[in-house]
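Just below is one structure, and these are the notes that go with it.
The values are calculated or read from the model by the stated rules, or taken from the named source; none is laboratory data. Just so it is clear, the structure is predicted and the values come from calculations on it, not from any experiment. Glycine also receives a Cβ, built like all others from the backbone with ideal geometry; neighbour counts cover every protein chain displayed.
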Amino acid sequence: METAQQNLEPATDIPHDNRYYLNMGPQHPSTHGVLRVLLEMDGEYVIDPQPVLGYGHRMQEKMAEHKNWMAFMPNTGRMDYAAALPYNHGYVALFERICGIEVPARAEYIRVITSELNRIVSHHLWIGAMLLDMGAFTPILYTFDDREQVLDILEDVTGSRLTYCYFRVGGVCKDIDDNFVEKTRAFIKRQRERFDVYNKLVTGNIIFIKRTEGVGVISLDMARRYGVTGPVLRGSGIAYDVRKNEPYSVYPKFDFDIPTGQNGDSYDRYLVRLEEIEQSLRIIEQALDQLPDGPFLAKVPKKLKMPTGDSSFAVEAARGELTYYLVSGGGDIPYRLKIRVPSYSNLSVLPELCQGMLLSDLVAAMGSMDLVIPEIDR
Amino acid sequence: MHPATEKLVTALSEQSIVLNECDYAERGYHFEIDLDAGRLREFAQCMLEQEMYLVFVGGLHVDPAIEIIYQFASYDRLCRLVLRVVVDSNNAIPTISDIFQGADWHERETRDFYGVIFIDHPNLVPLILAEEDVDLKPLLKNSDNIKESAAVRWVTVEEQPETDEKADTD
């Protein structure tokens, strides 16, 4: 350990005895899936961290080019497994727009309610996993307890617990009932009481603060050069949220805030996500109050033909901006479907962000990005 | 139009870059631009100066040559634009990864999937594919299903080819 305080200037031309390579992953618990980070180390310090991708790549974009576009629907739930509904949402909304399909109001409300519930479970998972990465075992037990409540609600209506395929072009496949509304309201009440537990256990925890404050600071300039979005961007004080900036569905009808941080460090990203849970609760509350009656699925022709040309649709997924970019040559099979996933651009800052850090700080900075690797290896 | 967007349009037209305004309600973005590969870097520099961020870089295999698609958007106003650049006869195109560092991975991925060479990219090694699959180029079309560039361009609703619209509802 006495060699830890070394000259940290990267790329010195003096041969260095203490340089070595360390493989973090592809099975390391804190890489959350099969990601490998090849670390060039100098003692305890990271000189050059390079993520190595592709261990679980499924070539979703190729699959999309080979079947009727409706048959791709289940694939959309298998990229970001922690928050699949926004992926459903972006995909159906793209086709609704180009094919000019009106979605019944009730369906849009159900979409917003379930998407926001999904965002909350994603943040639950993240808070637990982030703290676990940093050696705190207890918080994940609490957040998973809360997460289970929502997963049960979502399971009732979608039929699955994780890789949802619930939205359809023109609406959703199953209506929500009084039981759903009741259980969701009960969850909102419960979750608000639980924030106190989170704050006592995590937010004010001196070890957590010391491990995350000032660690992994992302500037506006850096964010723009890499295309960082989502809570990672908002932690740096930039109030960019697709739900507000590029409104879709019925989001403009609800009163909610976009929480932002001030310092752009890992701690601010935690605060942003914690506050986003409350903001999602506010959206759900208002949506339940205003929930209109009526059909939950529009009459849609069974054979929908796409118009020729390209079109794009962006939604705010739990990790940031998700964009589907479709190129169609007519017919019912996409000619090209580019899926822009938020974690991909967010992770790409890692080499610049974590250069010169202590290894333990890299774990905190990387954890604060809320990576879902199957989304990157889509 | 937002003042910053107006500034962007002015800056681009000063460089005599032609922007086609699109109907956002139909296509989800505001401007489309076709550009020569030689002017790509100058365009990217302009995007950085106009405070746009890089959404993605992707490929599109059409006849006669692969097109590279770039999408840019803004953090503070509603402005999204799509840029198309055709690769040269050697399947090569300049890199923008020194201007938008986020393009680094997108370009490596596009090289993996299409075999496009990004000139002066600092580290053009496989990102997604395994080293032994370096020549797989999985997203290339074959001669049966490749379409002409013009056949996948947007046409207005009136120009759409006639389809037999049966009242086939459920």
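Here is how the numbers come out for the structure above:
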| item | result |
| --- | --- |
| Residues being acidic (Asp, Glu) and in a loop (DSSP other than H, G, I, E, B) - total across the range A:88-111 | 1 |
| Residue match in the range A:194-203 (condition: farther than 30 Å from residue B:102 by Cβ, touching a Gly at 6+ places or on another chain (Cβ under 9 Å) and in a helix (DSSP H, G or I)) | no |
| Yes/no for residue A:114 being within 30 Å of residue A:25 (Cβ to Cβ), β-branched (Val, Ile, Thr) and more than 14 Å from chain B (Cβ to nearest Cβ) | no |
| Output for the range B:16-52, where each listed residue is within 14 Å of chain A (Cβ to nearest Cβ), aliphatic (A, V, I, L, M) and assigned to a helix (DSSP H, G or I) | B:25, B:44, B:47, B:48 |
| Qualifying residue in the range B:155-166 (condition: at pLDDT below 90 and within 20 Å of the chain's Cα centre (by Cα)) | yes |
| Any chance residue A:375 is of a type in the set (Asp, Glu) and within 13 Å of another protein chain (Cβ to nearest Cβ) | no |
| Residue check, residue A:293 assigned to a loop (DSSP other than H, G, I, E, B) and over 23 Å from residue B:30 (Cβ atoms) | yes |
| Residues satisfying the stated conditions in the range B:102-122, i.e. among the small types (Gly, Ala, Ser) and within 8 Å of chain A (Cβ to nearest Cβ) | B:102 |
| Members of the range A:132-158 found to be of a type in the set (A, V, I, L, M), assigned to a helix (DSSP H, G or I), touching a helix residue (DSSP H, G or I) at 6+ places or on another chain (Cβ under 7 Å) and more than 14 Å from residue A:183 (Cβ to Cβ), listed by number | A:132, A:140 |
| Options A:161, A:192; residue that is more than 14 Å from every other protein chain (Cβ to nearest Cβ) and in contact (Cβ under 8 Å) with a residue 24 or more places away in the chain | A:192 |
| Filter result for residue A:334 (in contact with a helix residue (DSSP H, G or I) (Cβ under 6 Å, 6 or more places away or on another chain), touching a residue at least 24 places away in the same chain (Cβ under 8 Å) and either within 14 Å of chain B (Cβ to nearest Cβ) or not in a helix (DSSP H, G or I) (or both)) | yes |
| Index of the failed condition, residue A:321 passing every other in (1) part of a helix (DSSP H, G or I); (2) surrounded by 24 or more Cβ atoms within 10 Å (Cβ to Cβ); (3) not aliphatic (A, V, I, L, M) | (1) |
| Criterion (of a type in the set (S, T, N, Q) and either within 11 Å of chain B (Cβ to nearest Cβ) or free of Cβ contacts under 8 Å to residues at least 24 places away in the same chain (or both)) met by exactly one of A:368, A:360, A:328 | A:328 |
